[in-house]
Amino acid sequence: MDKPLLDPNARIGILNRGEAAFRFVRAVRDYNALHGTGLQAVAFYLDSEEEAPFVEEAHLAFPLSMHRRAELGSVTPYLDRELMVRILLASGCSAAWAGWGFLSEDAAFVGMLEQQGLVFLGPPSRSMALLGDKITAKALAEKSGVPILPWSRDPVESLEQAVEQAKRIGFPCMIKAAGTGGGRGIRPVLNAEQLPAQFQSALEEARRVSGEGRLFIERLVTRARHLEVQALADRQGNVQTFGVRDCSVQRKNQKIIEETPPPGLPRQLLEEIERSAAALIRAADYESAGTVEFLYDLDTEEVSFMEVNTRLQVEHPITEEAYGVDLVQGQIDVAFGRTIPSDTPILRRVAIELRLNAEDPERQFSPSPGRVLRLRLPAGPGIRIDSGIEEGNTIPSEFDSMIAKIIATAPERSLALARLERALDELQLKIQGGTSNRAFLRELLRSESIKAGGVHTRFVEEMVGSQRQLIEKKDWETAILAAGIEQYRLAYQVELANFQQQLSSGGSPASA
């Protein structure tokens with residue numbers, strides 16, 4: 001049965017929250033204004049999120065507590081397949097958008113939507129299952145002529161098999177979970193002695209995150225750059241790719257800085273990477289937005305396929321800014337059955353993104369959420385901010401700690417980096433009981449290696465491990481003293497105003 005088309009007046013349920021949900025609401029409003037459609041973005045929220053921007057801006061919003069099942073316990077309802085299907089139907093939605101995270105790459109869930117006749121603004125479940133599973137994706141990539149690393153080919157089901165495959169592939173190698181994303185279920189193995197502990201650790205995390213523990217092993221590239229290709233495919237089999245992003249500035253597989261185009265790599269190589277990504281997307285009969293990820297070995301200068309993310313990435317705004325495209329509107333176009341443009345996208349400018357998180361770099365980057373007492377986001381030429389947080393909101397402890405994505409664009413990379421520095425200087429942020437990685441981001445931007453570009457994926461971890469002090473604390477004592485004086489001055493002004501008000505109203509100052 002052919003996948004149904006999106007209705008021009010459809011209600012589209014948002015299976016996400018925060019910045020992702022807010023991004024979609026804005027995209028739908030823009031789409032309606034541009035095309036004259038009557039689409040409605042429908043938000044679902046926890047009671048604690050009632051005043052969040054995505055809830056206030058959505059056309060309709062429904063609390064998840066109306067439908068939540070008591071037996072879920074502490075599991076977030078955003079991960080409950082049955083609940084989300086039920087609330088979509090109950091709220092009159094005929095379509096759903098998942099964004100990134102939660103159920104966005106859950107092929108079984110997309111299959112449930114398809115059985116209900118709901119339009120999913122993303123790939124069909126069969127393509128998602130094929131590419132979302134790292135083992136079947138690598139097999140398809142190999143069949144499609146996409147370069148891959150030596151690997152185990154089949155799932156490694158026991159430690160004995162892991163030992164056998166690791167010896168065949170050679171050390172160092174990497175253990176990976178087949179059905180997880182976000183850097184989870186991945187463990188490096190530098191030698192045979194590390195294998196048993198790392199195998200067990202990867203297995204336990206894979207089972208905890210995805211409910212199943214299929215693992216495989218591939219050769220480990222010790223000095224690599226993390227490159228990825230943004231793709232958009234329509235229902236007619238057309239595929240567009242939008243350059244290559246460099247996401248090598250990361251810590252423990254969590255990205256910190258992303259940019260496009262990757263600095264220092266030849267154009268011919270980047271074009272070859274794009275062609276490989278497009279070939280794999282076509283081979284999978286894919287549609288909508290997706291990301292094909294590669295590793296670039298700095299020692300051998302070879303590129304190899306890593307995995308496919310069958311959704312939009314958090315860092316998609318840099319592609320939008322560099323190429324002048326709206327990828328969320330592209331997803332909507334594909335759901336309407338429209339053909340994507342056949343012209344080759346043109347790179348217009350350099351784009352770089354920072355992730356501003358509520359985390360404490362001096363405490364091993366542990367989450368540090370709280371109520372946002374003050375938030376003044378930067379603006380000006382070449383600056384875009386994507387955020388789902390406003391002043392007065394509380395950053396919830398149970399979800400991702402990201403406060404905002406700060407994106408800078410410019411004709412050249414050095415100016416984009418300068419604009420990011422200026423943006424961090426302009427940013428005003430105060431979190432009650434928490435903190436952010438703002439100061440750490442400033443230290444990164446000042447690094448000569450970051451300014452030069454082309455660092456490997458372990459650069460941040462090596463930098464953190466080699467420094468006694470992550471953040472330069474120049475003049476901090478003076479700043480603390482100044483803040484104390486300012487707080488005293490403000491308190492004095494409040495007391496003086498109360499005193500004067502009592503005098504003017506005829507009351508007794510003593511009783512004030």
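Below are the figures for this structure:
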item	result
Rel. contact order, % - alpha carbon contacts under 8 angstrom, at least six apart, the chain	13 percent
Ellipsoid equivalent to segment 271-342 - semi-axes via the Cα gyration tensor, in Å	24, 15, 11
Cα gyration tensor category, rounded, prolate or oblate, for segment 158-212 with a/c compared to 1.5	prolate
Per-selection metrics, segment 92-155 (Cα): Rg and Dmax in Å	14.4, 49
Ranking by accessible area, most exposed first, for ARG208, ARG29, ARG23, ARG442 with a 1.4 Å probe	ARG208, ARG29, ARG442, ARG23
Inter-probe distance in nm under a simple model that places probes 7 Å from Cα toward Cβ, at THR300 and GLU51	5.6 nm
Low-density loop positions, trypsin sites (Lys or Arg not before Pro), segment 228-328 - DSSP coil, at most 14 other Cβ in 10 Å	LYS252
Stokes-Einstein diffusion coefficient of segment 196-276, Kirkwood radius over Cα pairs, 20 °C, 1.002 mPa s, in µm²/s	137 µm²/s
Amide hydrogen neighbours beyond the local backbone of ILE403, cut-off 5 Å, H modeled	LEU356, ASN357, ALA358
Amide H contacts under 5 Å for ALA351, placed H, 5+ residues apart	THR260
Violating pairs (Cα-Cα greater than 25 angstrom) within the set LYS3/LYS143; LYS3/LYS405; LYS134/LYS167; LYS138/LYS167	LYS3/LYS143; LYS3/LYS405
Spin-label model distance (nm) - GLU160 vs SER466, 7 Å beyond Cα toward Cβ	4.5 nm
Directionally averaged shadow of segment 27-178, computed from the convex hull of its alpha-carbon atoms, nm²	13.4 nm²
Heavy atoms of GLU114: accessible area, 1.4 Å probe, square angstrom to 10	60 Å²
Fraction of antiparallel bridges per DSSP, segment 1-134 only, in percent to nearest 5	0 percent
Taking the convex hull of Cα positions in the chain, its mean projected area over all directions (nm²)	28.9 nm²
Solvent-accessible area per residue for the chain (1.4 angstrom probe, square angstrom)	46 Å²
Part-to-part distance (alpha-carbon centres) for segment 142-164 and segment 199-274, which is given in Å	18 Å
Estimated 222 nm signal from helices in the chain, with DSSP H stretches of n ≥ 4 weighted -39500 (n - 2.57), rounded to 500	-11000 deg cm²/dmol
nm² value of the averaged projected area, convex hull over the Cα atoms of segment 99-254	10.4 nm²
Size-normalised alpha-carbon gyration radius of segment 225-336, reference 2.2 N^0.38 Å	1.02
Evaluated over segment 18-100, the Cα radius of gyration and Dmax, each in Å	13.2, 44
Accessible-area composition of segment 151-305, carbon plus sulfur, in percent [1.4 Å probe]	45 percent
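The values are calculated or read from the model by the stated rules, or taken from the named source; none is laboratory data. The structure presented is a predicted model; accordingly, all values stated were derived computationally and were not measured. All Cβ positions, glycine included, derive from the backbone under ideal geometry; neighbour counts span all protein chains shown. For the accessible areas, the whole protein counts, side chains as well, though only heavy atoms, and no ligand, DNA or RNA atoms are used. Shrake-Rupley method; radii C 1.70, N 1.55, O 1.52, S 1.80 Å.
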